[in-house]
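Everything below concerns the one structure shown next.
Each reported figure results from applying straightforward, stated rules to the coordinates on display, with no laboratory input. All figures in this text were calculated on a predicted structure; none of them were measured in a lab. Cβ: placed from backbone, ideal geometry, glycine included. Neighbour counts: every protein chain shown.
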Amino acid sequence: MHINDDCGIKKCYAIMRVSVRKYWVSEIFEDVADLLLSRKYIACLRKLDKQYPELDLTLYIDFAESHI
């Protein structure tokens, strides 16, 4: 533990930032799906999900697809 890192606050902050970004991205997916009503949009998101599986976006894409 570093003297300037009280109880791992920096690590917790980093985890929170990632969580907020994922939530924000999922909201964007949903909003765009509502506007476009496009299966091509969902197909594009699924292609990106396969290309970058570490982003773990499948659940968000499924939710966006439910809005079409």
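What ranking do 57-66, 32-41 get when scored by the average of other Cβ atoms within 10 Å per residue, highest first?
Final packing ranking: 57-66, 32-41.
Could you compute the FRET efficiency for Lys50 and Lys10, with r as their C-beta to C-beta distance and R0 at 30 Å, rounded to 0.05? Numbers along the way, then the final one.
Details: r = 33 Å, r/R0 = 1.08.
For R0 = 30 Å, the calculated efficiency reads 0.40.
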